[in-house]
1. Show the residue pairs meeting these rules: Cβ distance below 8 Å; 6+ apart or different chains; first residue within segment 178-190 and in contact (Cβ under 8 Å) with a residue 12 or more places away in the chain; second residue surrounded by 15 or more Cβ atoms within 10 Å (Cβ to Cβ) and of a type in the set (S, T, N, Q).
2. In segment 103-113, is there at least one residue being assigned by TED's automatic domain parsing to the domain that holds Glu145, out of contact with any Gly (no Cβ under 9 Å at 6 or more places or on another chain), free of Cβ contacts under 8 Å to residues at least 60 places away in the same chain and of a type outside the set (A, V, I, L, M, F, W, C)?
3. Tally the residues that are within 15 Å of Val231 (Cβ to Cβ) and assigned to a helix (DSSP H, G or I), restricting the search to segment 117-170.
4. If you scan segment 46-97, which residues turn out to be charged (D, E, K, R) and within 30 Å of Ser164 (Cα to Cα)?
5. Which members of segment 120-149 meet the condition of being among the charged types (D, E, K, R) and either touching an Asp or Glu at 6+ places or on another chain (Cβ under 7 Å) or buried (at least 19 other Cβ atoms within 10 Å of the Cβ) (or both)?
6. So which helices (runs of 4 or more DSSP H) stay within segment 199-247 end to end and still have 2 or more residues that are outside the structural domain of Pro24 (by TED's automatic domain parsing) and closer than 22 Å to Ser115 by Cα?
7. Within segment 61-116, can you find the residues that are modelled with pLDDT under 90, part of a strand (DSSP E or B) and surrounded by 15 or more Cβ atoms within 10 Å (Cβ to Cβ)?
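The values are calculated or read from the model by the stated rules, or taken from the named source; none is laboratory data. In this text the structure is predicted, and so the values were computed from the model without any measurement. Neighbour counts are summed over all protein chains in view; Cβ atoms, including those assigned to glycine, are modelled from backbone coordinates with ideal geometry.
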Amino acid sequence: MRNTFGLTFLVGHFHIQLLVDEDPGLVGNLLVERLVGAHVDLVSKEEYGKIGSVALADLLKKKLLEEGRKPYIIPVGGSNSLGTWGYIEAAREIEHQIQISGDVRFDDIVVACGSGGTIAGLALGSNLSSLKAKVHAFSVCDDPEYFYDYVQGLIDGLHSGLDSHDLVSIENAKGLGYAMNTAEELKFVKDVATATGIVLDPVYSGKAAYGMLKDMAAKPAKWEGRKILFVHTGGLLGLYDKVDELSSLSGSWRRMDLEESVPCKEGTGCNQASRYSP
């Protein structure tokens, strides 16, 4: 299981702590992170549960300071009061795009919630701008009450004077657990991709969209007649962790049946097979 919970940025260096018992190899985000020179520190799930992400990140910071480095700790998901400004700015960008379009307005904004910073920023930004759209979050790990409390801490850090329960509605969509999927959730991701060309990741936006449609089916009056903006938060590299589970759902392939009598047309590259030979 890949669970990146702490990222320390140094000038020219990244240190990443991973919640695993052994090196997972070049999977998911790790391929990209190692390409840019990330240094990986492994922590077991038991150690994480006993010590916690904040204390572990502080231990790494202390170690790096002793080595003469200048670390900066980024919490899970970048979710601190400073990081919240990223999605306050996103709300402003949405507001700007609506203003230049002239005829679009959204009643609701729906997004996945994995650490709290995204929904804190979107909800606060919507409230402070002309958007005034209700933000609905579908949590993919912890329970809603945990996130209400965490978001409250983030917006208190910005001295908003607002209540998280008034800003955002949070529903539980974690299913089997963080980064774990049911067959129905993965089929949903595949069906959306086939029908729309939009690829949802199975860890965040896939679960949020699945949870949203389930909520719409269960509570149609809540959503009827409302214009909804769904925010896709990325994470597509997580698909590569689900290759085995998705293989039975993905498209098939076959060798093209060619007759020897198919003529070669000059100038179409048919005499350039040598270019592709070893």
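1. Qualifying pairs under 8 Å: Tyr178/Asn3; Ala179/Asn3.
2. Yes - at least one qualifying residue is present in segment 103-113.
3. Residues flagged as within 15 Å of Val231 (Cβ to Cβ) and assigned to a helix (DSSP H, G or I) within segment 117-170 amount to 10.
4. Going through segment 46-97, the residues charged (D, E, K, R) turn out to be 46-47, 50, 58, 61-63, 66-67, 69-70, 89, 92-93, 95.
Residues satisfying the conditions are Lys50, Asp58, Glu89, Arg92, Glu93, Glu95.
5. Of the residues in segment 120-149, the ones among the charged types (D, E, K, R) are 132, 134, 142-143, 145, 149.
Lys134, the sole residue that qualifies.
6. Values: elements: 205-218, 220-223, 243-246.
Fully inside segment 199-247 and qualifying: 205-218.
7. Selection gives Ile73, Ile74.
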